[in-house]
1. State all residues of segment 369-398 that are part of a loop (DSSP other than H, G, I, E, B) and of a type in the set (S, T, N, Q); if no residue qualifies, say none.
2. Pick from THR179, THR198, THR171: which is open to solvent by 60 Å² or more (accessible area, probe 1.4 Å), of a type in the set (Ser, Thr, Tyr) and at pLDDT below 85?
3. What's the total number of residues in segment 42-61 that are open to solvent by less than 10 Å² (accessible area, probe 1.4 Å) and more than 21 Å from TYR147 (Cα to Cα)?
4. Within segment 378-422, work out how many residues are at pLDDT below 80 and under 30 Å from TRP298 (Cα atoms).
5. Among the residues of segment 177-223, write down those that are of a type in the set (A, V, I, L, M, F, W, C) and under 33 Å from the mean Cα position of the chain (by Cα).
6. Give the residues of segment 17-35 that are buried (at least 17 other Cβ atoms within 10 Å of the Cβ) and among the small types (Gly, Ala, Ser), sorted by residue number.
7. Working only within segment 164-195, note down all residues that are over 14 Å from GLY145 (Cα atoms) and acidic (Asp, Glu).
8. When the residues of segment 274-319 are filtered to those that are assigned to a strand (DSSP E or B) and of a type in the set (Val, Ile, Thr), which remaining residue is surrounded by the most Cβ atoms within 10 Å (Cβ to Cβ)?
Amino acid sequence: RPPEDEEEEVEVGWQEKLFSQFEVDLYLNESACQTPLDWQYHEEIRKLEKAGGRKNCRIFTYTDHDRFTNLEELCQKVTDLDHEVPSYLVERMANVRRRRQDRRPVEASSLKSKIITWEPSEEFIKNNHVINTPVQTMYIMGDLGPYGKLGQREYENVLCTIKVDGNGVITVKPDFTGTKGAYRIELDGEKREVWEYTIENASAQVQPEEEEREQRVFRELYGRHRDYLSGLVGSDFEMPLPGTLRLFVNGEIVSAQGYEYDNLYVHFFLELPDQWSSSPFQQLSGVTQTCATKAVGWDNVAYFCYPFTVEMFYTQEDEGVFPYSLPQWPVLYFEVLSLDFWQRYRVEGYGSLVLPACPGVHMLTIPTWRPVGLGPVAEMRRFFIGGSPELEDLTYIRIPSTFKGKRLSRFGFRTETTGSVTFRLCCLQQSRAFLENSALRQRMQSVLDRLGGFSQQSSVYSVLEAFQRARRRMQEARESLPQDLISTSASAV
């Protein structure tokens with residue numbers, strides 16, 4: 001056949017309808033027209049026939065409102081197997097992939113009043129359990145039937161798919177040809193035919209003035225959207241008083257590993273030192289659930305994943321007192337216990353954790369220990385009837401709260417190393433000093449410096465820096481002296 005009969009080039013616009021031979025034969029018949037869209041196509045094809053017929057031969061399109069785009073795209077197979085059966089997930093996601101054409105626009109007032117749906121219906125959950133961005137689709141098709149026999153549905157092939165979502169993202173599949181070779185389609189018919197086609201972007205380039213105007217419109221749109229979100233959130237944030245630090249801790253008891261018995265649980269409480277306080281409704285203690293262990297490597301690990309939240313306040317004292325007393329941070333005390341079938345509990349270990357002074361996420365693994373009695377009788381009692389030596393005051397793990405002396409002796413106190421507990425702590429700090437110091441661009445050594453700059457730590461750093469500067473000046477002065485003077489003075493000494 002001559003090459004001009006087989007080559008075809010068509011420029012297609014967005015959602016531009018080009019009829020195929022099959023659609024021309026179908027919509028010319030009035031008995032096949034049922035919907036208003038069918039009657040619209042009937043009138044357009046009649047006008048097209050009066051004007052001399054369609055200009056395209058093999059290339060045609062399916063727009064977003066056609067039957068192929070709305071219905072038959074959901075029936076397309078994932079693979080080319082003849083006996084493919086759609087999976088349960090494909091059937092459940094079929095309704096989700098539909099475009100939201102029949103949804104009414106959401107007004108701003110209703111959106112502001114219904115940010116959270118407290119009682120969602122089943123239909124609401126089915127339509128919103130995944131991100132379903134509204135999208136418009138267009139297919140550029142090719143009728144690759146035998147020469148002179150166009151209009152058969154089995155020879156229709158998708159050449160290109162164009163999608164535009166609600167965010168303005170354009171997806172072209174396959175991509176523009178560019179420097180790559182032409183795409184190939186092989187047909188298995190009477191004769192093995194190979195078709196090649198290319199896809200080029202025929203849109204006019206945007207002028208610099210139009211691009212600048214578009215960027216300005218985007219900036220204004222983003223600014224209004226930012227103001228809208230700020231209006232939803234509000235500005236009623238409670239700021240701490242000057243000289244006060246607010247500490248948020250979103251913690252999690254992740255796991256416990258390396259203990260002798262199974263069915264573990266953790267009892268913990270938080271001790272607030274002087275100058276620290278919390279809300280009267282703040283719960284500073286808790287008990288995890290009983291968790292069975294599982295073998296991970298050489299250890300038996302119990303995964304608690306127990307969350308807790310603590311909010312504390314630190315109030316700075318007078319400047320005359322603060323330099324001589326370095327503030328202490330809150331301490332988390334905990335004990336690990338086990339529970340057996342007969343409801344007998346045993347102490348598996350004690351431990352303590354000083355809350356991190358640095359904000360951020362911290363993964364900490366704390367080793368534990370437990371008291372051991374004298375002789376084998378205590379261990380036999382622990383094994384057969386449960387129970388073991390316990391601490392009356394958990395603060396004895398570090399320094400007891402009732403201790404007022406200068407030296408604490410634990411001579412004769414027998415202990416045994418047991419397993420460890422893993423914590424995940426997300427610490428947040430809020431203070432007016434952070435804002436002031438960040439504006440002044442001053443170097444902060446720790447959070448204590450941000451609360452006034454009179455701490456012992458800052459004074460120690462300043463002394464060390466002064467010493468280093470004096471030492472460098474001594475070395476420079478010594479290097480500048482004559483060598484004979486240095487040797488004479490050394491011999492005289």
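1. Our first condition is that a residue be part of a loop (DSSP other than H, G, I, E, B); within segment 369-398, this holds for 372-375, 385-393, 398.
The answer is SER388, and nothing else.
2. Values: THR198 fails: at pLDDT below 85; THR171 fails: at pLDDT below 85.
Exactly one residue qualifies, and that residue is THR179.
3. Going through segment 42-61 one residue at a time, the tally reaches 2.
4. 12
5. Step one: filter segment 177-223 for residues of a type in the set (A, V, I, L, M, F, W, C), giving 182, 185, 187, 194-195, 199, 202, 204, 206, 217-218, 221.
Of everything in segment 177-223, those that are of a type in the set (A, V, I, L, M, F, W, C) and under 33 Å from the mean Cα position of the chain (by Cα) turn out to be VAL217, PHE218, LEU221.
6. Taking segment 17-35 as the starting set, the residues that turn out to be buried (at least 17 other Cβ atoms within 10 Å of the Cβ) are 17-24, 26-27, 33.
Hit for segment 17-35 is SER20, nothing else.
7. Quick first cut of segment 164-195, residues over 14 Å from GLY145 (Cα atoms) only: 164-184.
Result: ASP165, ASP175.
8. Applying the first criterion (assigned to a strand (DSSP E or B)) to segment 274-319 yields 276-278, 285-287, 291, 294-296, 299-315.
Right, trim to of a type in the set (Val, Ile, Thr) and you get 287, 296, 301, 309-310, 315.
Working: VAL287: 12, VAL296: 11, VAL301: 19, THR309: 12, VAL310: 21, THR315: 15.
My answer is VAL310.
The values are calculated or read from the model by the stated rules, or taken from the named source; none is laboratory data. Keep in mind that what you see is a predicted model, and the values were worked out from it rather than measured. Cβ: placed from backbone, ideal geometry, glycine included. Neighbour counts: every protein chain shown. For the accessible areas, the whole protein counts, side chains as well, though only heavy atoms, and no ligand, DNA or RNA atoms are used. Shrake-Rupley method; radii C 1.70, N 1.55, O 1.52, S 1.80 Å.
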